[in-house]
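Single-structure report; data block below.
The values are calculated or read from the model by the stated rules, or taken from the named source; none is laboratory data. Everything numeric here is computed off the predicted structure, so don't read it as measured data. In this analysis, Cβ positions are derived from the backbone assuming ideal geometry, glycine residues included, and neighbour counts consider all displayed protein chains.
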Ligand code: SF4
């Protein structure tokens, strides 16, 4: 078997796993679909967000990887995000708040269990805050590399798989940037401060989940 055969087998696995997890998410009140590719995932996002809407993007590699930032801006959406190094501290705080109040809150999740629960870890708390409640529409885009067997594995994934590269991206000095894995640190720069488990879609808003048959995000 060569590398391309492995890739094909992996894609085939995801093409059956994706609909299974989407069905389980739907049974928990999420409006879930499976997209085979980044392109299909972007099409699903654009189906949900009309031109002219405001879209809060609270820090997500996945959303950038599918090209949503550019595509939404091109269709005249007001794309609000705080990953802009030119922002002052006060401007950044304002952006964090504006993201929460946008018409759509577009993000990814750190892990999704195979039976349809979403697990997220956060440092500032802004991202999990917008996931837990809002008057706006919540949209998750999640690569199938983030599927886990259960909640314990999902929490482990948030700390051992998602956070170390994120801390490295941020240029932090947390222990996981030296060891590559979590030591449940007490570092002042610790980025694991708030853990949110969505066992069901929360009330009062629509929550969409677009699962993607690609390796996306951390
Ligand atoms: S608790 Fe500390 S060491 Fe563990 S992943 Fe979070 S920041 Fe890294």
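Condition check ((1) assigned to a loop (DSSP other than H, G, I, E, B); (2) without any contact (Cβ under 8 Å) to a residue 60 or more places away in the chain; (3) more than 30 Å from residue 85 (Cβ to Cβ); (4) within 10 Å of the ligand (Cβ to nearest atom)) across all residues:
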{"position": "178", "(1), (2), (3), (4)": "no, yes, no, yes"}
{"position": "183", "(1), (2), (3), (4)": "yes, yes, no, yes"}
{"position": "187", "(1), (2), (3), (4)": "yes, yes, no, yes"}
{"position": "192", "(1), (2), (3), (4)": "yes, no, no, yes"}
{"position": "204", "(1), (2), (3), (4)": "yes, no, yes, no"}
{"position": "211", "(1), (2), (3), (4)": "no, no, yes, no"}
{"position": "218", "(1), (2), (3), (4)": "yes, no, no, no"}
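On inspection, residue 155 does not qualify as in a strand (DSSP E or B), within 27 Å of residue 13 (Cβ to Cβ) and in contact with a strand residue (DSSP E or B) (Cβ under 7 Å, 6 or more places away or on another chain). Could you please give the count of residues in the range 97-107 that are surrounded by 22 or more Cβ atoms within 10 Å (Cβ to Cβ) and either in contact (Cβ under 8 Å) with a residue 60 or more places away in the chain or within 18 Å of residue 196 (Cβ to Cβ) (or both)? Of the residues in the range 97-107, 4 are surrounded by 22 or more Cβ atoms within 10 Å (Cβ to Cβ) and either in contact (Cβ under 8 Å) with a residue 60 or more places away in the chain or within 18 Å of residue 196 (Cβ to Cβ) (or both).
Among the residues of the range 165-176, what is the count of those that are within 29 Å of residue 133 (Cβ to Cβ) and either modelled with pLDDT of 95 or more or part of a helix (DSSP H, G or I) (or both)? Full working, then the answer.
Pass one, the range 165-176, residues within 29 Å of residue 133 (Cβ to Cβ): 165-167, 169-170, 172, 174.
With either modelled with pLDDT of 95 or more or part of a helix (DSSP H, G or I) (or both) added as a condition, the list becomes 165-167, 169, 172, 174.
Within the range 165-176, residues that are within 29 Å of residue 133 (Cβ to Cβ) and either modelled with pLDDT of 95 or more or part of a helix (DSSP H, G or I) (or both) number 6.
Taken residue by residue, the range 36-59 has at least one member that is modelled with pLDDT under 95 and within 23 Å of residue 165 (Cβ to Cβ). The listed residues are 122, 152, and the only one of them that is over 24 Å from residue 35 (Cβ atoms) and crowded, with 19+ Cβ neighbours inside 10 Å turns out to be 122.
Yes/no matrix, rows are residues, columns are (1) within 16 Å of the ligand (Cβ to nearest atom); (2) under 21 Å from residue 21 (Cα atoms); (3) surrounded by fewer than 19 Cβ atoms within 10 Å (Cβ to Cβ):
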{"site": "118", "(1), (2), (3)": "no, yes, no"}
{"site": "160", "(1), (2), (3)": "yes, no, yes"}
{"site": "164", "(1), (2), (3)": "yes, no, no"}
{"site": "171", "(1), (2), (3)": "yes, no, yes"}
{"site": "197", "(1), (2), (3)": "no, yes, yes"}
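Please verify whether the range 135-150 includes one or more residues that are out of contact with any strand residue (DSSP E or B) (no Cβ under 8 Å at 6 or more places or on another chain), outside any helix (DSSP H, G or I) and away from the ligand (no atom under 16 Å from the Cβ).
Here is the first cut: in the range 135-150, the residues out of contact with any strand residue (DSSP E or B) (no Cβ under 8 Å at 6 or more places or on another chain) are 135, 145.
Adding the requirement that they be outside any helix (DSSP H, G or I) leaves 135.
From what's left, away from the ligand (no atom under 16 Å from the Cβ): 135.
For the range 135-150, residues out of contact with any strand residue (DSSP E or B) (no Cβ under 8 Å at 6 or more places or on another chain), outside any helix (DSSP H, G or I) and away from the ligand (no atom under 16 Å from the Cβ): present.
Summed over the range 125-147, the residues that are closer than 16 Å to residue 215 by Cβ and surrounded by 21 or more Cβ atoms within 10 Å (Cβ to Cβ) give a count of 5. Kindly evaluate residue 110 against the criterion of being under 14 Å from the mean Cα position of the chain (by Cα) and surrounded by fewer than 21 Cβ atoms within 10 Å (Cβ to Cβ). No, not satisfied.
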